[in-house]
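Heads up, the thing below is written out as structure tokens.
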Amino acid sequence: MSVGFIGLGIMGKPMAKNLIKAGYELIVYDVVADAVEEVVDAGAEKGTSSADVASRCDVIVTMLPNSPHVKTVVLGKDGVLEGAKAGTILVDMSSIAPLITQEVAAEAAKKGVLMLDAPVSGGEPKAVDGTLAVMVGGEKEIFEKVEEMLLVMGASAVLVGDIGSGNTCKLANQIIVALNIAAMSEAMVLAKKCNVDPEKVFDAIKGGLAGSTVLNAKVPLALEGNFKPGFRIELHIKDLQNAIDTAHGVGAPIPLTAGIMEIMQALKVDGHAGDDHGGVIQFYEKMAKVKVRK
């Protein structure tokens with residue numbers, strides 16, 4: 001199976017490298033030349049455009065920042081649909097609005113191109129070690145053809161429903177992650193303000209009901225003051241905006257999501273858009289006038 005991979009950012013690059021390690025023949029493309037060269041050095045072949053990659057591959061994976069990028073790469077000039085043949089499978093692993101996924105899939109279908117939406121969760125560390133959670137929307141028969149490939153990049157790949165369902169699932173995931181980070185931040189800052197060691201609080205609660213993957217991943221980094229991006233605040237803002245827009249469209253109230261969105265927007269204004277989303281704790285530190293970090 002020849003695989004094209006378009007989008008070699010903080011997540012796409014390690015995902016592509018894992019496919020190469022697993023023996024897949026990869027043709028890659030990105031507008032950032034250095035990213036392409038790094039993956040080519042790892043064993044991939046260079047494509048000259050999205051259309052070129054699509055014309056040479058059975059499966060095309062896209063891993064792009066947001067809905068407009070997916071529409072441009074797939075539907076635009078020199079895009080995937082210009083090069084793809086009927087029967088080609090497009091697996092969009094970007095995190096975008098479900099309605100845009102359905103719009104792109106409908107256009108792809110006109111050319112006989114089959115599509116899945118398969119956004120992921122886990123951030124850069126899990127992209128590197130190939131243990132992402134992959135949430136898939138689309139037809140079962142298509143999913144089964146690429147499931148083995150998806151499990152090279154993820155510890156799990158679950159078909160959750162029709163096309164667009166993967167991104168709906170990702171929006172739910174991003175709400176839960178954001179609110180977990182906010183709760184963690186409030187709790188650690190409260191502990192510090194009460195002159196209780198946040199690290200000892202973390203050790204005491206992580207094995208109980210309050211324990212979570214988010215808690216275990218983000219508290220140690222917060223204690224170090226390490227907000228090097230694994231998943232940037234500006235990208236989480238994008239996901240939460242998609243969640244809010246989708247929720248408004250279907251009449252689902254999500255007031256807690258709106259609250260954490262405002263906190264992230266405040267951090268963006270303060271120059272923290274490029275920080276890891278665990279950097280939300282900086283908002284609470286600023287308000288409480290304390291530093292949780294050691």
What figure, in Å² to the nearest 10, do you get for the accessible area of Ile176 with a 1.4 Å probe and non-protein molecules left out? 100
Accessible area of the chain with a 1.4 Å probe: how many percent of it is carbon plus sulfur? 57
Between the alpha-carbon centers of the range 1-30 and the range 227-294, tell me the distance in whole angstrom. 30
Within straight cross-link reach of Lys85, meaning Cα distance under 15 Å, which aspartates and glutamates are found once same-chain residues fewer than 8 apart are removed? Asp52, Asp58, Glu107
Label-point separation in nm, Glu141 to Leu209, each point 7 Å along Cα→Cβ: 4.8
Most mobile listed residue (Pro255, Pro98, Pro68) in the chain, GNM with C-alpha springs under 10 Å: Pro255
Provide Ile260, Ile10 ordered by accessible surface of protein heavy atoms (probe 1.4 Å), highest first. Ile10, Ile260
To make sure I understand the rule: partners must be aspartates and glutamates, Cα under 13 Å from the Cα of Lys111, and not fewer than 8 residues away in the same chain. Which ones qualify? Glu82
Using θ = phi - 60° and the Karplus relation 6.51 cos²θ - 1.76 cosθ + 1.60, list the HN-Hα couplings for the range 254-266 in order, rounded to whole Hz, with x at every Gly or Pro. 9, x, 5, 4, 4, x, 5, 4, 5, 5, 5, 5, 5
Tell me, what is the percent relative contact order of the chain, built from C-alpha pairs under 8 Å that lie six or more residues apart? 14
Any chance you could run the full-extension gain for Ala109 through Leu190? It's 0.36 nm times the residue separation minus the Cα-Cα distance, nm to one decimal. 23.9 nm
Computed label-point distance, nm, for sites Asp41 and Lys200 using a 7 Å Cα→Cβ extension: 4.7
I need to check one value: relative contact order of the range 138-284, counting alpha carbon pairs closer than 8 Å and at least 6 residues apart, in percent. 29
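By how many nm would the segment from Ala266 to Ser2 grow when fully extended, if each residue of separation counts as 0.36 nm and the alpha-carbon distance is taken off?
That works out to 90.6 nm of additional length.
Assign one of three labels to the range 126-190, namely rounded, prolate or oblate, based on the Cα gyration tensor with a ≥ b ≥ c the square roots of its eigenvalues; rounded applies when a/c is under 1.5, prolate when it is not and a/b is larger than b/c, and oblate otherwise.
oblate
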Rounded to the nearest 10 Å², what accessible area does Cys57 show when all protein chains are kept and the probe is 1.4 Å? 0
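Using a 1.4 angstrom probe with every protein chain in place, what is the largest-first accessible-area order of Glu186, Glu199?
Listed by decreasing accessible area, they come as Glu186, Glu199.
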Expected max-MSF residue from Glu224, Glu45, Glu139 in the GNM of the chain (alpha carbon, under 10 Å) is Glu224
Per-residue accessible area, 1.4 Å probe, largest first, puts Tyr29, Tyr284 in the order Tyr29, Tyr284
Ignoring everything except DSSP H segments at least 4 long, calculate the 222 nm mean residue ellipticity for the chain; use -39,500 (n - 2.57) per segment, divide by total residues, nearest 500. -17000 deg cm²/dmol
Could you work out the local net charge near Val128, counting Lys and Arg as +1, Asp and Glu as -1, over the other residues with Cβ closer than 14 Å to its Cβ? +2
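The values are calculated or read from the model by the stated rules, or taken from the named source; none is laboratory data. Only a predicted model underlies this, so the values are computations on that prediction, with no experimental measurement involved. Using ideal geometry, Cβ is built from the backbone for each residue, glycine included, and neighbour counts are taken over all protein chains shown. Accessible surface areas use protein heavy atoms only, side chains included; no ligands, DNA or RNA. Shrake-Rupley method; radii C 1.70, N 1.55, O 1.52, S 1.80 Å.
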